[in-house]
Each structure stands twice: as C-alpha cells, then as structure tokens.
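The values are calculated or read from the model by the stated rules, or taken from the named source; none is laboratory data. Being a predicted model, the structure only gives us computed values, none of them experimental. Glycine gets a Cβ as well: all are built from the backbone with ideal geometry, and neighbour counts include every protein chain shown.
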Amino acid sequence: MPHRTLRSLVALLVVVATLGVTTTVARAAPGARGCDVEVTPADDVVRAVDRAGPGATVCLRQGTYRLTRPLRPHRGQTLVGPRAVLDGSRVLRGWRREGRVWVVGGQHQEGQRTGTCLRGRACTYPDDVLRDGRPLRRVLSRADVGPGRYWFDYRRDRILLGGDPRGHALSVLVSRGGIASRAGARGADVTVRGLTVQHMASPAQHGAIEVTAPGWLVTGTVVRDNHGAGITAGGRVRLLDNRVVRNGQLGIGGVGVDTVVAGNTIGDNGGGGFDPAWEAGGAKWAVTDRLVVRRNLVVGNHGPGLWTDIDAQHTTYARNVVRGNSGPGIFHEISADAVIRDNLVTGNGHGSATWLWGSGVLVAGSHDVDVVGNRLAGNAAGIGLVQQDRGVSDVDGTPRRLHDVRVRDNGVRLARSETGMVQDDGDRSVFDDDTITWTGNTWLQRGPTPFLWDDAALTLAQWRALGHDVPASTPRDSP
C-alpha cells in the first residue's frame, strides 16, 4: 500500500475513534490545557466524572448540564468549568387548561421532606416550581391555587398552576443535589472550581454541594436558587471565595473539625419559608471544632447571618462584614471557646427585635468567648449576652452557661436599642460572675437607658457604676 494511502487511512481511523469517544467523554492528553477529561453539555456528565477515575481533572465546557442525580467525584479529582452550569431542574412542557388552573402531568418526583416552616408556608417539599428561574409559592390544596401559586398533586402525579404559563419558562426541581461526596476516603481531596450549581431539590439541612469526605476545596463557585442549603460540609473542608445566594433554607452549613470558610458572599438565603428559629439564614454550624470564618460578606439573609450552635468549640469569626440580616448578625449559642473579632456588623436583627435576640453580636449559654474589636451600628440590639437553662455539654459534661466572657474594645452605635446581659432561667448568680467583663468599649447611644443588667435598664453612668467600661483615669499634669 502506498505510504500516502496508509497515512490517509490512519488519519481517518484516528478521526473516527475520536468521534466515537467524544459522544460520551473526551480524554485529553494529560496536562493539555490542564484537563485530563473534557465534557460537553451533550455528554452524560455523571458518567463522565465516574469514568474519569481518581486524581483526574475533569473540565466542563460552557453550557448547562441538566442533572437528575448528583456528580460523585473520585478521590483527588478536580472539577472545573468557569462557564458550566449544573442545573437540577426539568423543563415543564405540555400544559393544558383545566377550568381556572393550568395542569401538567407526568410528575413522578417526590423528594425528602424535612424542616419546620413559618406559618402558612409549605417549605418542607423540595421539588419547587420555578417560573423564569424564580420559585413560585406552593400551596397545600387545589382550592388555594391562584396567581403565582401552585399545588403538587402527588396522588395523580401532576402540578396545578394559577396563571397562564405561556410566555414563561416553567421548570421543576428534580435532582437532590449537584455534587456530593463518595463515602470516606474514596471521596476525599476533591477540588471544585468555578462551576455554577443551581436549582437543586436539596432537602433542608442538605446542600446542593454536600461534602461528607475530608480534604475538599470548593472555590470560585456560584451556588444559587436551591431549595434547602447551598453548601453543607463536614470536617477538614475549605470553602473559599464562593458566591452562595438565594438558597431557600440556608447558605452554608456543616459540622466537624478544621473547616475554613473565607472570602465568600453569603446573601439572601433563607427565603423559602423555613422558620429561622428552627434553622434558616446565612450560615449555621453545629458540633464543630476549630471552625474559622473570616472575610466573608454576609448580607440580607432571612435569619441569623453567622450562627454556631450546640457545642461548637474553638471558633473564630474575624473580619467579616455582616449586614442587614433579619436575625442576629453573629450568634454563638450553647458553645465554647470562641473569638469574635474585628467584624463590621450593621443593620441586623430587625426581624427578631425582641429583648436582645436581635443583637449584632449575640452570645447565649456559652463560655470562654472573646468579643473584641468589632464595630456595630444600626442593629436591633448591640452586644447581647443571654443566660439560659440549656442542659450540659455533650463534649465535657459541664453546664451550658455564661462564664469567662470578655467583651472589650468594641465600638457600638445604639439607635434606640439595647445592649448588655440578661437571663431567662431565674438564676441571677450570673450577674455576680466576675469572669464576665466589659472593658474599653465605646457606646454612642440615643436612648437614656440602653443598658440591660439583672432585669434593669440602666443609664451609661449606672452601667459604669457596676464597673463596666470605666474610662481609664486621666493622669494629672505634673507641677
């Protein structure tokens, strides 16, 4: 066979082989453009990630990837795609009119129900209906269907909508999540970079990105408009420079040890009808150790901004901007060993402006806490310490009560609001505890008696008479 013909045949076979592979996944030469595997929206991305194997860098090309189940990366994989969108919704087609409502059938999905809702809300159902990318209001009976509202008839596998769907993009959330860990070491040390993860039917307290294995890095990723939480993570995880917004229950949540949450925007989460007193808002962690939360922008969440609860140990909140959240700005509850320092905390707590529950910084039933160098203004209350009867710690068996709390060198502007320490368990001995100190704080207040102490409202002079924030004496001039 002539060499030219042989070369042509070889070239043709290479083209055919390449085309055969790219219908599912294209394996690039190792290191080419930093990708081991390239995937397009026409491919089965879940299968591609699975077949890529441990340690591979999987690059998702620009476009929208419709999921019915989450990606589960192998150990050491990197998933990257600055213009790739993982979308957990299915487009709704085939609407027909039935009296005053519109109906679409064939809806067999029914996700896990969990959570506690605000009165009149149906927050526990995760399969939200979106119109033009925004969730509509779910009702619990056909009789309540009206403009902008829908009812999911699970018995007959159909959705009933109030209002004409024509001219709008209608979809329903179907995938429980976008990215989830494999168990244990098989899912460790994964990097997720630059993706967008949206429209997942994540149940409450579960993330559209759900990390249960150690060593993960999630960075430069947008996580938005999911039903439950945006990102949930166990221990030894870094969440850096992400944008986590408009998730129905919570922006970020988690448990475990050695988690770092830094440089993220956490905004407008918790608007899905969940009760913030149960759990909703910007971010919440429980049973953690050595959690570090720094340099985040936490704004406009429906509930607390940043919240640690239930035996969180050795927590650091540093240099965060916490603004306009309906609950307290930074809330450390029945936990221990925290440093809350150098944060800017403004305009929080006006959705829970009762007693000190709307504080910019709130410490309840916790001990060994330093609140230092923060700047607060316009919150429903200033810095609040609340003593409650909350049992004993599961870590060391000691009572969950206020002691060894140091509030120092903070600057607080009080606009007809209050600050100080209160109790609701009938134990007034907390007011004689000399390990709870207020020193070097500056107060700019409008009301005459903004300080709360032992069920009394005090003036600044009365506050100082108790030994709190007494100015250093001015030395006399030498003769």
Report the residue count in segment 139-155 for those that are in contact with a Phe, Trp or Tyr (Cβ under 8 Å, 6 or more places away or on another chain), closer than 12 Å to residue 110 by Cβ and free of Cβ contacts under 8 Å to residues at least 24 places away in the same chain.
-> 0
Every listed condition ((1) under 30 Å from residue 324 (Cα atoms); (2) out of contact with any strand residue (DSSP E or B) (no Cβ under 6 Å at 6 or more places or on another chain)) holds for residue 397 save (1)
From the list 413, 401, pick out the single residue that is in contact with a His (Cβ under 9 Å, 6 or more places away or on another chain), free of Cβ contacts under 8 Å to residues at least 40 places away in the same chain and of a type in the set (Lys, Arg).
-> 401
For residue 306, are the conditions met, namely being under 14 Å from residue 267 (Cα atoms), in contact with a strand residue (DSSP E or B) (Cβ under 9 Å, 6 or more places away or on another chain) and surrounded by fewer than 21 Cβ atoms within 10 Å (Cβ to Cβ)?
-> no
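Given the criterion at pLDDT 95 or above and touching a Pro at 6+ places or on another chain (Cβ under 7 Å), identify the matching residue among 91, 49.
Every option except 49 fails the conditions.
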Among the residues of segment 362-373, is any touching a Leu at 6+ places or on another chain (Cβ under 7 Å), among the β-branched types (Val, Ile, Thr), in contact (Cβ under 8 Å) with a residue 40 or more places away in the chain and surrounded by 23 or more Cβ atoms within 10 Å (Cβ to Cβ)?
-> yes
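Residue-by-condition table, conditions (1) surrounded by 14 or more Cβ atoms within 10 Å (Cβ to Cβ); (2) more than 29 Å from the chain's Cα centre (by Cα); (3) within 27 Å of residue 230 (Cβ to Cβ):
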site: 141; (1), (2), (3): no, yes, no
site: 144; (1), (2), (3): yes, yes, no
site: 162; (1), (2), (3): yes, yes, no
site: 167; (1), (2), (3): no, yes, no
site: 170; (1), (2), (3): yes, no, yes
site: 174; (1), (2), (3): yes, no, yes
site: 186; (1), (2), (3): no, no, yes
Of the residues that make up segment 207-230, is at least one within 24 Å of residue 84 (Cα to Cα) and among the acidic types (Asp, Glu)?
-> yes
Out of all the residues in segment 386-398, is one or more touching a helix residue (DSSP H, G or I) at 6+ places or on another chain (Cβ under 8 Å) and either β-branched (Val, Ile, Thr) or without any contact (Cβ under 8 Å) to a residue 40 or more places away in the chain (or both)?
-> no
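Rundown of residues vs (1) among the hydrophobic types (A, V, I, L, M, F, W, C); (2) assigned to a loop (DSSP other than H, G, I, E, B); (3) at positive phi, yes/no style:
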{"position": "283", "(1), (2), (3)": "yes, no, no"}
{"position": "298", "(1), (2), (3)": "yes, no, no"}
{"position": "327", "(1), (2), (3)": "no, yes, no"}
{"position": "348", "(1), (2), (3)": "no, yes, no"}
{"position": "351", "(1), (2), (3)": "no, yes, no"}
{"position": "370", "(1), (2), (3)": "no, no, no"}
Set 254, 248, 270: member being within 10 Å of the chain's Cα centre (by Cα), at pLDDT 95 or above, under 22 Å from residue 313 (Cβ atoms) and not β-branched (Val, Ile, Thr) = 254
Kindly establish whether residue 224 is assigned by TED's automatic domain parsing to the domain that holds residue 317, within 13 Å of the chain's Cα centre (by Cα) and at pLDDT 95 or above.
-> yes
For segment 156-171, pairs from a residue that is assigned to a strand (DSSP E or B) to a residue that is small (Gly, Ala, Ser), with Cβ under 6 Å and 6 or more apart or across chains, are 158/105; 162/146; 171/89
Could you check residue 358 against (1) in contact with a strand residue (DSSP E or B) (Cβ under 7 Å, 6 or more places away or on another chain); (2) surrounded by fewer than 24 Cβ atoms within 10 Å (Cβ to Cβ); (3) under 13 Å from residue 330 (Cα atoms) and say which number it fails?
-> (2)
Run down 129, 145, 192, 172 and say which single residue is of a type in the set (A, V, I, L, M, F, W, C), in contact with a Leu (Cβ under 9 Å, 6 or more places away or on another chain) and under 19 Å from residue 223 (Cβ atoms).
-> 192
Only one of these is at pLDDT 95 or above and either β-branched (Val, Ile, Thr) or within 29 Å of the chain's Cα centre (by Cα) (or both): 369, 392. Name it.
-> 369
Being within 16 Å of residue 70 (Cβ to Cβ) and outside any loop (DSSP other than H, G, I, E, B) is the filter here, so list the residues in segment 187-204 that pass it.
-> 187, 192, 196, 197, 198
